1. Quick check: is even one residue across segment B:27-37 in contact with a strand residue (DSSP E or B) (Cβ under 9 Å, 6 or more places away or on another chain) and touching a residue at least 12 places away in the same chain (Cβ under 8 Å)?
2. I'm told A:Asn88 meets every condition in (1) at the interface with another protein chain (Cβ under 10 Å from one of its Cβ atoms); (2) at pLDDT 95 or above except one. Can you identify the failing condition by its number?
3. Can you tell me how many residues in segment B:85-101 are part of a loop (DSSP other than H, G, I, E, B) and either of a type in the set (Gly, Ala, Ser) or within 7 Å of another protein chain (Cβ to nearest Cβ) (or both)?
4. What is the one condition in (1) surrounded by fewer than 21 Cβ atoms within 10 Å (Cβ to Cβ); (2) out of contact with any Gly (no Cβ under 9 Å at 6 or more places or on another chain) that B:Thr199 does not satisfy?
5. Considering every residue within segment B:155-176, establish whether at least one is at pLDDT 90 or above, of a type in the set (A, V, I, L, M, F, W, C), under 13 Å from the mean Cα position of the chain (by Cα) and surrounded by 14 or more Cβ atoms within 10 Å (Cβ to Cβ).
6. Output yes when any residue across segment A:143-153 is surrounded by fewer than 19 Cβ atoms within 10 Å (Cβ to Cβ), more than 9 Å from chain B (Cβ to nearest Cβ) and of a type in the set (Asp, Glu), and no when none is.
7. I want to confirm something. Restricting to segment B:128-154 and keeping residues that are of a type in the set (Phe, Trp, Tyr) and buried (at least 20 other Cβ atoms within 10 Å of the Cβ), which single residue is farthest from B:Thr103 (Cα to Cα)?
8. Which one is nearest to the other protein chains (Cβ to nearest Cβ), of the residues in segment B:5-23 that are among the β-branched types (Val, Ile, Thr) and surrounded by fewer than 18 Cβ atoms within 10 Å (Cβ to Cβ)?
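The values are calculated or read from the model by the stated rules, or taken from the named source; none is laboratory data. Because the structure is predicted, anything quoted here is derived from the model rather than measured. Glycine also receives a Cβ, built like all others from the backbone with ideal geometry; neighbour counts cover every protein chain displayed.
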Amino acid sequence: MAAIVSVKNLRKTYDTGFEALKSINLDIEEGEILALLGPNGAGKTTLISTICGITVPTSGTVKVGGFDTVLEYRQARSLIGLVPQEINLEPFETVQNTVRFSRGLFGKPRDDAKVAAILESLSLGDKATAKVKELSGGMKRRVLIAKALAHEPRVLFLDEPTAGVDVVLRKDMWNVVADLKATGVTIILTTHYIEEAEAIADRVGVISKGQILLVQDKSEMMSQMGKKQLRVDLSAPATTIPASLSDYDLALEMDGTVLVYTYDTRKERTGIRRLLNEMADAGLQMTDLQTQQSSLEDIFVGLVKDNA
Amino acid sequence: MNLTAIKSIYAFEMARFFRTITQSLISPVLSTSLYFVVFGTAIGSRIETVEGVSYGAFIVPGLIMLSVMTQATSNASFGIYFPKFIGTIYELLSAPVNFIEITIGYVGAAATKALFIGTIIFITAFFFVDIQVAHPIAMVAFLLMTCISFSLLGFIIGIWAGNFEQLQLIPLLIITPLVFLGGSFYSVTMLPPIWQTITMFNPVVYLISGFRWAFFGAADVPVGLSLMAISLFMAACLTAIWWIFRTGWRIRQ
């Protein structure tokens, strides 16, 4: 698939000398959901702000739909919708007027039916004439999305859409994102919640200290970098791991009642069957077993730690 | 030119004005009426005529200018400062619009509000004094140019201001004194010679004088000079705004 957003050697150094982005290269494919994962201060918002035109890049280029965001900013920005991290809304205006304003600002002719449809799709249909200040926090976030979608963009940036949002609202937001993807919109979201990236992204980019450490298909990343664990419950606690099993990556947990075997899913053979046989030979009786896949969080923490 | 964007900004800003239409109108009408009662009737009754015009009528152009200048400045500064304050400026900066379009939208709306208030005061004045307008076209032109140029100034103040105190600072410390000392309530010729000279450094003198000329055909300074002063002021504001958007000063990092 063709890249709809193409970032080349993008750098941003603030006047204070702080280097927020260090030569970022990133291609975002049309129709995908890319999650940019990184700790606070990693450069996620700066990257989004620079692509959207709020921050001026120090060097490098960004193209959206083939248009340079600096030289052809009108065409490029027309394709982009931005949902900021903070709830920035005119409190005294009605929901529909604030969405209409966004549409007009992006040069699209007034279309009340379109605005109504957007509000409806975000479950804001009955709030169209309500003042923004009367809405709950979750609804305000939806209004921000409605504003970003008002000019029918092809790329939508969501900057920490669920920061400080409760679990129910977060799941709700994920559904909204999934629905948007179904309409063909490319979505880039930043988050520092790993479970969020894991739940909704097609690809995950890990960003830390202004650098992209890795961009990969989510499941590929998990299978390549993910380690699995086999947890075996023992009928009687063991104090030491038998010497005959020293070739395996084993550990005893829960006061010796659980034997944990860590293995790599990339290897042709996991060694599980052999281990179970050798355990029986060594006199370790098992009562139950389960496997666990390491989460994106473990991968993420590992990557960021390596980069520190 | 993104005309739809200009229209949207303009309409959104005007909606803010119409939401508070009662206070937008009552306050200038009330303060103007008070000026007429105090200066026109109470004090004015002791002053017979100024430059052949009754004192009550003489202060009308100055009163209109006083309100128009302060309203244009405060409306425009608030108009652009508020999005900065509540954070909605992100939308303006990420939209396919250039600085000319943003400026036309915000300054146009602020100038319209000031013009609206100026007209209301003009109408209110009719209830207190007899006014004749000698040069109606020049009057409208001066009023329009003042509305626009002070809205441009307000726009700059709104971008510069980092908090609400700063937003009030320039109107309070600079514009109000200049307007009061600019001959709103007196003719410059009524001052002692040394103050007449000092007053000539106040740009507002030229604006009020030109506007008063449009009413009564008489002025403190030649009308051509007034026209030049307001054009220069407008050009200076436009240059400042061009520089602000070129460098991103205080708005774009």
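1. Initially, segment B:27-37 is screened for residues in contact with a strand residue (DSSP E or B) (Cβ under 9 Å, 6 or more places away or on another chain), giving none.
So far as segment B:27-37 goes, no, none of its residues is in contact with a strand residue (DSSP E or B) (Cβ under 9 Å, 6 or more places away or on another chain) and touching a residue at least 12 places away in the same chain (Cβ under 8 Å).
2. (2)
3. Of the residues in segment B:85-101, the ones part of a loop (DSSP other than H, G, I, E, B) are B:87-88, B:95-98.
With the extra rule that they be either of a type in the set (Gly, Ala, Ser) or within 7 Å of another protein chain (Cβ to nearest Cβ) (or both), the set shrinks to B:87-88, B:95-97.
The number of residues fulfilling the criteria is 5.
4. Among (1) surrounded by fewer than 21 Cβ atoms within 10 Å (Cβ to Cβ); (2) out of contact with any Gly (no Cβ under 9 Å at 6 or more places or on another chain), the lone unmet condition for B:Thr199 is (2).
5. Yes, some residue in segment B:155-176 is at pLDDT 90 or above, of a type in the set (A, V, I, L, M, F, W, C), under 13 Å from the mean Cα position of the chain (by Cα) and surrounded by 14 or more Cβ atoms within 10 Å (Cβ to Cβ).
6. Keep residues of segment A:143-153 that are surrounded by fewer than 19 Cβ atoms within 10 Å (Cβ to Cβ), which gives A:152.
Among the residues that remain, those that are also more than 9 Å from chain B (Cβ to nearest Cβ) are: A:152.
Then drop every residue that is not of a type in the set (Asp, Glu), which leaves A:152.
Yes: one or more hits.
7. First, the residues of segment B:128-154 that are of a type in the set (Phe, Trp, Tyr): B:128, B:142, B:150.
Imposing the further condition that a residue be buried (at least 20 other Cβ atoms within 10 Å of the Cβ) reduces the set to B:142, B:150.
Values: B:Phe142: 21, B:Phe150: 13 Å.
So the residue we want is B:Phe142.
8. Restricting attention to segment B:5-23, the residues satisfying the condition of being among the β-branched types (Val, Ile, Thr) are B:6, B:9, B:20-22.
Next, from what is left, pick out any that are surrounded by fewer than 18 Cβ atoms within 10 Å (Cβ to Cβ): B:20-22.
Values: B:Thr20: 9, B:Ile21: 13, B:Thr22: 15 Å.
Result: B:Thr20.
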